[in-house]
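Data first, discussion second: the structure below is written as structure tokens.
Computed from the coordinates by the stated procedures, all read-outs in this text should not be read as laboratory data. Given the structure is predicted, the values throughout are model-derived calculations rather than measurements. Heads up, the Cβs are rebuilt from the backbone with ideal geometry, glycines too, and the neighbour counts pull from every protein chain shown.
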Amino acid sequence: MTAELLITKAKEAMEKAYAPYSGYKVGAALLCADGSVYSGCNIENAAYSPTICAERTAFAKAVSEGQRDFVAIAVCGGKDGVITGLFPPCGVCRQVMKEFCREDFLIYMVGADGSAETRTLAQLLPESFSL
Ligand code: THU
């Protein structure tokens, strides 16, 4: 599984976003150590706080299917599904990554030109909390 293919799957997931309130459509594709990929989109709610981000949708799908070993995630998003720049994972999603991933877990943030900025989880969430 190449980064390019993971990015393509994140873009496909973005098309499924349910975002009638913010208009921001977000997609994620999570690569597991066994080579499988779980995608996710953001799912908003009229009460706002039940909204789940694309990244956490992907993790919830993967973990609930027994996956525990993760390699990388691609994330893209933009108003009305138009990618105009990077869509970095929010703090809550970074903490969920911390729960299941090692410091060298890779985050591909998709830019407007289709290429991606790559960061490790250690870079996006330094001095992180865990038990
Ligand atoms: N969102 C994500 O899906 N992932 C993030 O990491 C940040 C925010 C979603 C939540 C909401 O539906 C929309 O983007 C605007 O905040």
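See the values below:
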{"read-out": "Net +/- balance of residues flanking residue 13 in space, Cβ distance below 14 Å, scoring K and R +1, D and E -1", "value": "+3"}
{"read-out": "Net +/- balance of residues flanking residue 22 in space, Cβ distance below 14 Å, scoring K and R +1, D and E -1", "value": "0"}
{"read-out": "Hits among aspartates and glutamates - C-alpha to C-alpha of residue 16 under 20 Å, sequence gap 8 or more where chains match", "value": "4, 44, 55, 80"}
{"read-out": "Overall dimensions of the chain as given by Cα atoms, namely Rg and Dmax in Å", "value": "13.5, 39"}
{"read-out": "More than 18 angstrom apart: percent of Cα pairs within segment 53-118", "value": "37"}
{"read-out": "Gaussian network model of the chain, Cα within-10 Å springs - most flexible of 64, 115, 39", "value": "64"}
{"read-out": "Packing-based ranking, highest mean first, of 124-131, 14-21, 70-77 given that Cβ atoms within 10 Å are counted", "value": "70-77, 14-21, 124-131"}
{"read-out": "Share, in percent, of DSSP beta bridges within the chain that are antiparallel, nearest 5", "value": "80"}
{"read-out": "Expected 222 nm ellipticity per residue - DSSP helices of 4 or more, -39500 (n - 2.57), all of the chain, to 500", "value": "-8000 deg cm²/dmol"}
{"read-out": "Among 104, 69, 34, residue whose mean-square fluctuation peaks in a GNM of the chain (springs only between Cα atoms under 10 Å)", "value": "34"}
